[in-house]
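The values are calculated or read from the model by the stated rules, or taken from the named source; none is laboratory data. Just so it is clear, the structure is predicted and the values come from calculations on it, not from any experiment. No Cβ is skipped: glycine too gets one built from the backbone with ideal geometry, and neighbour counts run over all protein chains shown.
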Amino acid sequence: MFKIYFKNNRGFTLAEIIVVVGIFGLIMIAISSFQRNVFVYNRYSQDAFSSAQDARNIIRVMVKDLRTASQSNNGAYAIAQAATNTITFFSDTNSDGLKEQIRYYLNDTTLMKGTTKPSGSPPTYISTDEKLNTLAYNVNRATSTALFEYFDDTYAGTSSPLTNPVNVTDIHLVKINLMINFNLGTSTRSRIYTSQVNLRNLKDNL
């Protein structure tokens, strides 16, 4: 009886222990990989959300500045330059009675804003007085999507933009296409944020 009882209650063999440990290890690796993927996904989701918030805030400021574009303090037309990735115009952005020269432009993949206050009498805008601020990094310079598109007073929602070089006196509406790159794991994705603004004060300059 003793021998039978002993045989029925024998322990695990070395091979069985190795199999169990191997299976347990695979399960732990799978769980660890899943947790890592969840962490990485959450992090990139947060980065994408943060980029979206930043892009919307940047466009909101650009639209506000452009909406009040008007004749400069020295009588120059409201828009000084209009190209695919840059626009220069005049606007009293701080409500001090002086029209600052505002320049939005891409420096490689960085969106910049330059502000020049008029000085002297008669007032002049000196390029060396320009104050620069960085607005956004990782801007996509896709040739198929211009940062700025321009439309005349016939724009009805589906019209094609004005062709370059743009005659600044023809511009009545500016469309902003801010495309931001963000990393998603080992790949890079782009997301575009778009807005448009009517330049309501241009009639005073004609």
Restricting to the range 130-159, what's the tally of residues that are over 22 Å from residue 108 (Cα atoms), loosely packed, with under 14 Cβ neighbours inside 10 Å and not small (Gly, Ala, Ser)?
3
If we keep just the residues of the range 122-134 that are more than 23 Å from residue 85 (Cβ to Cβ) and assigned to a loop (DSSP other than H, G, I, E, B), which is farthest from the chain's Cα centre (by Cα)?
122
Among the numbered criteria (1) surrounded by 13 or more Cβ atoms within 10 Å (Cβ to Cβ); (2) outside any strand (DSSP E or B); (3) out of contact with any Asp or Glu (no Cβ under 9 Å at 6 or more places or on another chain), which one does residue 162 miss?
(3)
All positions within the range 165-189 that are over 19 Å from the mean Cα position of the chain (by Cα), modelled with pLDDT of 90 or more and either of a type outside the set (Val, Ile, Thr) or farther than 23 Å from residue 78 by Cα (or both)
165, 167, 170, 172, 173
Among (1) surrounded by 17 or more Cβ atoms within 10 Å (Cβ to Cβ); (2) within 26 Å of the chain's Cα centre (by Cα); (3) under 17 Å from residue 130 (Cβ atoms), the one test that residue 86 misses:
(1)
Close pairs from the range 126-146: first closer than 18 Å to residue 193 by Cβ, partner aliphatic (A, V, I, L, M) and assigned to a helix (DSSP H, G or I), Cβ under 6 Å, at least 6 apart
135/58; 136/58
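Would it be correct to say that residue 79 is closer than 21 Å to residue 193 by Cα, modelled with pLDDT of 85 or more and surrounded by 13 or more Cβ atoms within 10 Å (Cβ to Cβ)? It would help to see each step written out before you state the result.
Working: closer than 21 Å to residue 193 by Cα: no; modelled with pLDDT of 85 or more: yes; surrounded by 13 or more Cβ atoms within 10 Å (Cβ to Cβ): yes.
No; evaluated as a whole, the condition is false for this residue.
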